[in-house]
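Trainee: After the structure tokens below, expect a handful of questions from me.
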Amino acid sequence: MSSKESCRNELRTAIRQLSDRCLYSASKWAAEQLVGIEQDPAKFTPSNTRFQRGSSSIRRRFRTNEINSTPPTGVAYVSTPVMEEDEAIHGDFYLLAKSYFDCREYRRVAHVLRDQTGKKSVFLRCYALYLAGEKRKEEETIELEGPLGKSDAVNRELVSVERELSTLSKNNMIDPFGLYLYGLVLKEKGNENLARKVLVESVNSYPWNWSAWSELQSLCTAVDILNSLNLSNHWMKEFFLASVYQELRMHNEALSKYENLQGTFTFSNYIQAQIGKTQYSLREFDQVEVIFEDLLRNDPYRVEDMDTYSNVLYTKEYFSALSYLAHRVIMTDKYRPESCCIIGNYYSLKGLHEKSVMYFRRALKLNKKYLSAWTLMGHEYVEMKNTPAAVDAYRRAVDINPRDYRAWYGLGQAYEMIGMPHYALHYFQKSVFFQPIDSRLWIAMAQCYESEQLHMLEEAIKCYKRAANCNDTEAIALHRLAELHRELGQPEEAAFYYKKDLERMEAEEREGPNTVEALTFLATHYKTQKRFEEAEVYCTRLLDYTGPERETAKSLLRGMRIAQSGFPSMDVEHFHP
Amino acid sequence: MTGVVKAPGAFAITPHKVSLCILVHTYASPSQISVPFPFSSVSQHNRLGLYLLALTKSCDDILEPKLDQLINQLREIGGLLDDWLTDHVTSRLSSLSAPDDLFNFFNELRETLGGPDSGVMDDDQVILDPNSNLGMFLRRCILAFNLLTFEGICHLLTNIGIYCKEAISSSSYEHRLDDSSNDLESLSEYENMDLNLVFKKINEEMEARKKATEQVSFHLHLPKDLSTLVEDVEVFADTKPEHNEKGGESSSYASGDLLRDVDPDGGVFLRTNWQIQGYLMEQADAIEKHGSSFTFNAFELTLRQLQKLAPEFHRVHFLRYLNNLHHDEYFSALENLHRYFDYSAGTEGFDFVPPAGSNGFGRFEIALLCLGMMQFHFGHPKRALEVLTEAVLVSQQQCNDTCLAYTLAAICNLLSEIGFSTTSGILGSPFSPMTNVGTSLSVQQQLFVLLNGSLKRAESLKLKQLIAANNLALAKFGLTHVQRPLLSFGPKISMKLRTCPIIVCKELRSSYHLISDFCCEGSTMTTDGAFSTAWLKNLQKPMGSLVMSQDNGSGNNSNPFLFFTQPSSIPGSVLQLVGSSYLHRATAWEMYGSAPLARVNALVYATCFADASSSSDAVVVHVKLIQHLAAFRGYKEAFAALKIAEEKFLCASKSRILILKLQLLHERALHRGHLKLAQQVCDELGVLASSVASVDLQLKTEASLRHARTLLAAKQFSQAAAVAHSLFCMCYKFNLQVENATVLLLLAEIHMKSGNAVVGLPYALASLSYCQSFNLDLLKASATLTLAELWLSLGSNHTKTALTLLHGAFPMILGHGGLELCARAYITEAKCYLSDPSFSVSDNPELVLDPLRQAADELQALEYHELMAEAFYLMAIVYGKLGQLQQREEAASSFKNHIVALDHPHDADDPVLS
């Protein structure tokens, strides 16, 4: 990785260039990373590290391996393109246009710059036109919504913008920003291959535009596509790769990339949030909680990604923390989908499902493609026993992203709930296909097979075995496996799983009816197998418990003693008085 | 959004509807004249009215026509008026340049409508009845306009601009993308200039016309005018194909990426909901009817477009499922089925009645029913049964009796289609309430109980089609199953172990009653959507080839208009059911052994129900007819007919035709003594029988039966017997009773040919008793013949027995048997006489010679060398005994010819083999 100082310089220039072109979110991102770079201890001043205080503690806690800061491959630096300044008069027009832009009067921008030919002006004009079209499109989507949800509102500027940009790019008169816009337009028009090509060109010649990278990321829907991209090496590429891996559910790869990046951008909130999200996908809730707590401390008005945090709080049933978070985001910005989602989560936790649905609906109104809101709303409908609505909500999630295993799982559950286990199987199968490492999914499928209607125990056993193999935290699988084998009259297998279950319970220091059941079975089993020593061990352990099992153990022990001591057994005695 | 079912009748105002409104306004302008201004005659006036009706109701596409299409059609119907009409529409449209114009326009429209009590009105005033179809249309348009927000009105205005512009620049369509959409304004201004001139001129003309008018009442139009009018309408109905062609063109043009921007300017509008529903219904029918010959991709494109334009219109997924199902795309069919039911919960579409006591659970049992039928279609009967079992449970829970009845019918269908070898454990516990005698019954018995239960349920729910289908299934069951007491304990009723043709007939007849029921209550049955579909169909072919219409027309062709306004109310599915009852009759007669009746029924089906039948059923009928031809007219005609059938069913159900071809080839090869070819064909049949998808038991039986026959012809008796024996075991195991009789008969023949007549006798007798209990009369006659032959070969002292048997069977054989059977009977008769020691040839030569000549004649068509040789041999002997040397030489040389032909089979003259 390049030195921190050079990163810092590159970013500083980039921020100026980006905001000069009104690419605000990209410049925001760049600025966040700039501040995220760890200060050299030499230049340490209290004011510089104001943003960075408090974060080190967590980093120390969770950094397992020290990151080596040597770059993995030689990094080819891309020199910052020299700004080509327009003439003074044109510069004036540009200033006017930019101030219009800042006031969101896009069409006026385009009008002011109508005759300008400088690259910067052309870009801003096209960009403004594009945004004007987008704005109108948003409005029209609502105006035009027909009875059947007709959603064919299109950005009417796309055609003209595309025509202009493609001419420019043919004549090689286009700068990286223009290319970014061109890629954006192409993507919107559905020409994904060309869009990818153009975006790659853009990021290769100007890598600091995070918006271009994100567009590219959204076009990388498979590993093959990612591998086919011809990207030149730059530290920005690492960010990109991490984010692609995250989206492609390659969580461990993403995590290692992010941890690598943290070597340079130690205090980047962005990276921290992404790590949190990845850990959430890996179901490491404790870590996620710490990470987000820390993030909120440093960046208290952050709304982005906070829905993940709220999910964790929900799972851990932290009522007050969740309400505090909801309060905080609503004060910051109540019309963000994330905020609505957090409130929905809170109401759901409180068991007020109607209210919860209302907030999820609001979130979806703000962003129709908000995946997790659809799924969460489905959960709420399940709670409200409104199966058709739940199924509909889940199905929408699945149609937005077919890899969303939670929604598939929800669909399965909903159908199982209304007594259609066979129909539900299809959905459970889908869900385990996309997330084969989640034991809960396997267990759900197994229970489906086990149900009274299907009674396909062999299949259920197979599923439980898979569940037991992938870290079944609730320890259902082993127990059920043992029981099923016992029911099927396979004592050897049953004993094997009872033993495993017992070992597990010992390791976790848990005790309960399952322990007693396991011990009883094992004792009886070994006795019938004439392996008295083992049987005795289990019997002795059983004696520690109260209840009828204790008596059973006693009688078992007595029987074994008699058998071992060579005396004729009780019933034989009975016949020979 | 989630869980909210949209009103199916939602209606949006579009430029096309605006131009329709203009036309309606012209049609019924509030003037004092009975024939309003631009129209010169009553028929012209009415023609426009009919055309407008057709436009509001038709459902042949999902998109509304563009202005230029409208203008083209107007040209077709307008006759002399076309210029005026098109100019009027375009000028009115282009005069709408500000939102206020639209307001005024719709206010004006309101005047066209009469008041609520316009039943009583002045004779000389043209006012649109608000409750008429056009009146309703107008009212809906006005209502939809009034509900529009201001933004909506602005959009409508823009869209009208685009709509007009497209029509004008349609000639330079390709270049349209190049001129920026900003010059719309200037364009419409230019139009205004041009058209306003025309408009002014017309206004003047209108004034002039108003003054000179004749007073003819609008309601007193003569029927004669109306009938001429129908002929006129046909003319523009012919434009439909062209219309469709356009659709196809655009869809092929819109393939790939281009599909995404079908029209970047948004000049594409969906038709009304009812129209689209109707269109989809029609397509669904077409898919089911044509099966795999339905074009997959073109329809998929339409569906994709529809989905894009109306994402909440979930029926699309169902259609996609159907399309995939009939093109054997398992995974996407499954995926789309699930998607449809996830979105709609089974409560969307035509037949959806908003639940009165809404239970809010959705109708997922329908999903299960569909899934079960799909699994069955793809050859997973076990899994299908599991799913259907679940459907039964869920239907019971949800108290959805209709679905339950259908599910039971589906299960019955499944059980009767696949032969289960195991007798228990297939239907699990959920059926015990229905079978209520536990699972101790065999599959057949369970099926019978289920069928009856399903029929009763359907009757109590008054599901007419289901009743008919169940009747058919029961008839089918009665055809092949003897009646047995269901209880294995208790006082046993004495039962004849026979099938009961009367029951079969009764069931078939009662299924046929369906059509009369539909005729009576036609008008109440047709929903709005189905009505419009039928309407359009009749528009396209007013004298269509539907049976009913033909009946109507031939009875009195004086008033076709009556028919025109009252479309045949019999839905296609009903026709299909009635048709299949004829198909069942044909099969039944085939089995019971009446060839003429079988043929007649097949012919009735082929001529009357050809339009309504699915392609697979049509193939079955053709196969039956060709088989009949082969048996009664010989191979030449059969192969000629086969060629025609092959051309007709080019891709659909190819396999069925292929099987028939192989069967015919095999038979002919056997007759000609071409054993190698016969074996080869037989092997091919065997391959077809055990395809990858699933095993067709019927075909498998047939293949091994033919295998045994081939071996028999090759005189490999022990092998033939072994094959036949294992076949018998299989048939017995799978309860194929009719086949059992055939196989037993074959075994008897094998033993007879191998010279073991004594062993053959019991087989023949067993076959005979099977035939008796299943009422297989023709087969019985044929078994009797074999029995006679067996007796005959036992020695000359049994000739009397043989002859008696033969004469008993003669009426049946001669009346219904094919050529081969008749010839065999004749030869056997001659042989009987000849071997009878008390019979002297010279006394009564014709008694022997006549049957032999008959036999030789009939065998000629079949090219059955072996039997022919035998006939001529016998003839030669008879002539020899009579001392007629010349005839004897002739017969002897014919005999020699056939023996040579048998030994040296040549297939040079075989066009079919290629």
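Trainee: With each label point set 7 Å from Cα along the Cα-Cβ vector, what nm distance links A:LYS316 and A:ASP224?
Mentor: 4.2 nm
Trainee: Here's another thing I want to ask about it. Given a cut-off of under 8 Å on Cα pairs at least six residues apart, what relative contact order in percent is computed for the range B:760-871?
Mentor: For the range B:760-871, the relative contact order is 21 percent.
Trainee: Right, here's the next one. In the neighborhood of A:SER555, defined by Cβ-to-Cβ distances under 12 Å, what is the net charge if each Lys or Arg adds +1 and each Asp or Glu adds -1?
Mentor: Net charge around A:SER555: +3.
Trainee: Got a sec to turn the phi values of the range B:303-313 into Karplus ³J(HN,Hα) couplings, 6.51 cos²θ - 1.76 cosθ + 1.60 with θ = phi - 60°, whole Hz, x for Gly and Pro?
Mentor: Each residue of the range B:303-313 in turn: 5, 5, 5, 4, 5, 5, 6, 9, x, 8, 9 Hz.
Trainee: In the range A:281-340, which chymotrypsin sites (Phe, Trp or Tyr not before Pro) fall in coil by DSSP and have 11 or fewer other Cβ atoms within 10 Å?
Mentor: Of the chymotrypsin sites (Phe, Trp or Tyr not before Pro), the ones in loops of the range A:281-340 whose Cβ has at most 11 other Cβ atoms within 10 Å are A:TYR301, A:TYR335.
Trainee: How crowded by other chains is B:366-379, given as the mean number of beta carbons from other chains within 10 Å of each beta carbon?
Mentor: Whole-number average of other-chain Cβ neighbours for B:366-379 is 1.
Trainee: Under a crude label model (7 Å from the Cα following the beta-carbon direction), how far is A:GLU354 from A:SER99 in nanometres?
Mentor: 5.3 nm
Trainee: Okay, moving on. Can you work out ³J(HN,Hα) from phi for every residue in the range A:289-294, in order, using Karplus 6.51 cos²θ - 1.76 cosθ + 1.60 and θ = phi - 60°, giving whole Hz and x for Gly and Pro?
Mentor: Rounded to whole hertz, the list is 4, 4, 4, 6, 4, 5.
Trainee: So what is log10(I(q)/I(0)) for the range A:427-577 at q = 0.09, 0.19, 0.20 1/Å, when the Debye sum runs over its Cα atoms only?
Mentor: -0.37, -1.09, -1.16
Trainee: Give the calculated FRET efficiency between A:LYS170 and B:ASN104 to the nearest 0.05, with a Förster radius of 51 Å applied to their Cβ-Cβ distance.
Mentor: Working from the Cβ atoms, E equals 0.55.
Trainee: Rounded to the nearest 20 Debye, what is the dipole magnitude of the range B:569-647 about its Cα centre when Lys and Arg each give +1 and Asp and Glu each give -1 at the C-beta?
Mentor: 240 debye
Trainee: Let me ask something additional. Given a Förster radius of 45 Å and the C-beta distance between B:GLU417 and A:GLN429 as r, what FRET efficiency does 1/(1 + (r/R0)^6) yield to the nearest 0.05?
Mentor: 0.95
Trainee: If you don't mind, another one. Between A:ARG403 and B:ASP87, how many nm apart are label points set 7 Å from Cα along the C-beta direction?
Mentor: Calculated label separation equals 6.4 nm.
Trainee: Given a cut-off of under 8 Å on Cα pairs at least six residues apart, what relative contact order in percent is computed for chain A?
Mentor: It comes to 7 percent, rounded to a whole number.
Trainee: Something else: Return an integer: the convex hull volume of the alpha-carbon atoms of chain A, in Å³ per residue.
Mentor: Spelled out: Cα convex hull of chain A, divided by residues, is 207 Å³.
Trainee: Across peptide A:387-399, what mean number of C-beta atoms from other chains lies inside 10 Å of a residue's C-beta?
Mentor: Partner Cβ neighbours, averaged per residue: 6.
Trainee: Give the relative contact order (percent, whole number) for the range B:605-674; include only Cα pairs under 8 Å separated by 6+ residues.
Mentor: Contact order relative to length: 33 percent.
Trainee: Still on this model: Pull out the extension gain between B:ALA286 and B:LEU157, defined as 0.36 nm times the separation in residues minus the alpha carbon to alpha carbon distance; nm, one decimal.
Mentor: Here the segment from B:ALA286 to B:LEU157 would lengthen by 42.6 nm.
Trainee: Something else about it: Once phi is turned into ³J(HN,Hα) by the Karplus curve 6.51 cos²θ - 1.76 cosθ + 1.60 with θ = phi - 60°, what whole-Hz value does each residue of the range B:731-746 show in order, with x for glycine and proline?
Mentor: Using θ = phi - 60°, the values come out as 4, 5, 5, 9, 6, 8, 5, 4, 5, 4, 4, 4, 5, 4, 4, 4 Hz.
Trainee: What is the fewest-to-most order of B:CYS608, B:CYS731, A:CYS103 by other Cβ atoms lying within 10 Å of their Cβ?
Mentor: Least to most surrounded, the residues fall as A:CYS103, B:CYS608, B:CYS731.
Trainee: Using every pair of alpha-carbon atoms in the range B:781-830, split the distances into 5 Å bins beginning at 0 and state the percent of pairs per bin, rounded to integers.
Mentor: Here the calculated profile for the range B:781-830 is 5, 27, 36, 20, 9, 3, 0.
Trainee: Give me the inter-chain shielding for A:413-424: mean count of other chain Cβ atoms within 10 Å, whole number please.
Mentor: Across A:413-424, the average partner-chain Cβ count within 10 Å equals 5.
Trainee: I need the fraction of alpha carbon pairs in the range A:251-400 separated by more than 19 Å, rounded to a whole percent.
Mentor: When all Cα pairs of the range A:251-400 are counted, 54 percent exceed 19 Å.
Trainee: Rounded to the nearest 0.05, what FRET efficiency do A:ARG283 and A:LEU231 have when you use their Cβ-Cβ distance and R0 = 35 Å?
Mentor: The computed FRET efficiency comes out at 0.65.
Trainee: Then there's this: So what's the gap between the Cα centers of the range A:438-476 and the range B:745-790, to the nearest angstrom?
Mentor: Here the answer is 59 Å between Cα centres.
No value in this document is a laboratory result; all are computed from the given coordinates. Small disclaimer: the values here were computed from a predicted structure and weren't measured. Cβ sites come from the backbone with ideal geometry, for glycine too, and all protein chains shown count toward neighbours.
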